[in-house]
Amino acid sequence: MKKTPFDRLDKRIIRLLKNDGRISIAHLAERLDVTTPTIRSRMKGLIGRGVMRVAGMINSKYAPNLTMAIIGVDTDSQERLEIQLDALTRLEQVHWAAAVTGRFDIIAEVVVTGGVEDLFDFASRVLPTIVKVKHCETFVVMRSSEKWLCMPEGMKSW
């Protein structure tokens, strides 16, 4: 049986951090009835193993200059799907991407700063250099409710 990357205490820590990423280690320890060294050690382990990260996030409804879209991609090459997916997730505009079942092989959430022109450039110029596109469909997000985003690495201009 495969060992899970975290236990009940880890899940409780993550849940509290999800609600307030600025909560102090001392307050976490108090809320969870454990010592501060335990919390510090658990957080260090979770972060070190790549299970969790603590990051600043923005609520997309307060960032009207960001354009978000969901792009569904039907690929030409199933054999290279994992390689294509890994390359896609490294792009600065990609918030997340996943191999999925259904009519598309890959679904990606894309965030750009230059409006539909940037989105068009991404879908028509950048995406085909990474993924062997047979067909793709772009769904522009018109409005979302409490959509929190970690900014992709390359979005320094925002």
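The values are calculated or read from the model by the stated rules, or taken from the named source; none is laboratory data. These numbers were taken from a predicted model, which means no experiment stands behind them. All Cβ positions, glycine included, derive from the backbone under ideal geometry; neighbour counts span all protein chains shown.
Of the candidates Val34, Val54, the single residue that is under 30 Å from Val100 (Cβ atoms) and not assigned by TED's automatic domain parsing to the domain that holds Val116 is Val54. Scan the range 101-147 residue by residue and report those that are over 25 Å from Asn59 (Cα atoms), in contact (Cβ under 8 Å) with a residue 24 or more places away in the chain and part of a loop (DSSP other than H, G, I, E, B). Selection gives Arg103, Phe104, Asp105, Val131, Lys132. Within the range 17-41, the set of residues being in a helix (DSSP H, G or I), aliphatic (A, V, I, L, M) and modelled with pLDDT of 95 or more comprises Ile25, Ala26, Leu28, Ala29, Leu32, Ile39.
Criterion first (assigned to a loop (DSSP other than H, G, I, E, B) and more than 30 Å from Gly115 (Cβ to Cβ)) does Met52 satisfy it? In short, yes. Just to be sure, is Ser124 of a type in the set (Ser, Thr, Tyr), on the phi < 0 side of the Ramachandran plot, surrounded by fewer than 17 Cβ atoms within 10 Å (Cβ to Cβ) and modelled with pLDDT under 85? Considered against the rule, which asks whether it is of a type in the set (Ser, Thr, Tyr), on the phi < 0 side of the Ramachandran plot, surrounded by fewer than 17 Cβ atoms within 10 Å (Cβ to Cβ) and modelled with pLDDT under 85, Ser124 comes out as no. Among (1) at positive phi; (2) in contact with a Lys or Arg (Cβ under 8 Å, 6 or more places away or on another chain), there is one condition Leu32 misses while meeting the rest; what is its number? It fails just one condition, (1).
Per-residue answers, yes or no, for (1) in contact (Cβ under 8 Å) with a residue 12 or more places away in the chain; (2) touching a Pro at 6+ places or on another chain (Cβ under 8 Å); (3) among the aliphatic types (A, V, I, L, M); (4) under 30 Å from Asp121 (Cβ atoms):
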{"site": "Asp10", "(1), (2), (3), (4)": "yes, no, no, no"}
{"site": "Ile13", "(1), (2), (3), (4)": "yes, no, yes, no"}
{"site": "Thr36", "(1), (2), (3), (4)": "no, no, no, no"}
{"site": "Met43", "(1), (2), (3), (4)": "yes, no, yes, no"}
{"site": "Ala55", "(1), (2), (3), (4)": "yes, no, yes, yes"}
{"site": "Tyr62", "(1), (2), (3), (4)": "no, no, no, yes"}
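Yes/no matrix, rows are residues, columns are (1) among the β-branched types (Val, Ile, Thr); (2) surrounded by 15 or more Cβ atoms within 10 Å (Cβ to Cβ):
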residue	(1), (2)
Asp10	no, yes
Ala26	no, no
Ala29	no, yes
Thr35	yes, no
Ile39	yes, yes
Met43	no, yes
Leu46	no, yes
Met57	no, no
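With the condition kept exactly as written, say whether any residue in the range 74-91 is farther than 26 Å from Lys18 by Cβ, outside any loop (DSSP other than H, G, I, E, B) and touching a Phe, Trp or Tyr at 6+ places or on another chain (Cβ under 8 Å). Within the range 74-91, one or more residues are farther than 26 Å from Lys18 by Cβ, outside any loop (DSSP other than H, G, I, E, B) and touching a Phe, Trp or Tyr at 6+ places or on another chain (Cβ under 8 Å). Say whether the condition of being within 30 Å of Lys11 (Cα to Cα) and of a type outside the set (Gly, Ala, Ser) is met by at least one residue in the range 125-144. No, there is no match, as no residue in the range 125-144 is within 30 Å of Lys11 (Cα to Cα) and of a type outside the set (Gly, Ala, Ser).
Just to be sure, is Gly72 touching an Asp or Glu at 6+ places or on another chain (Cβ under 8 Å) and of a type in the set (Gly, Ala, Ser)?
yes
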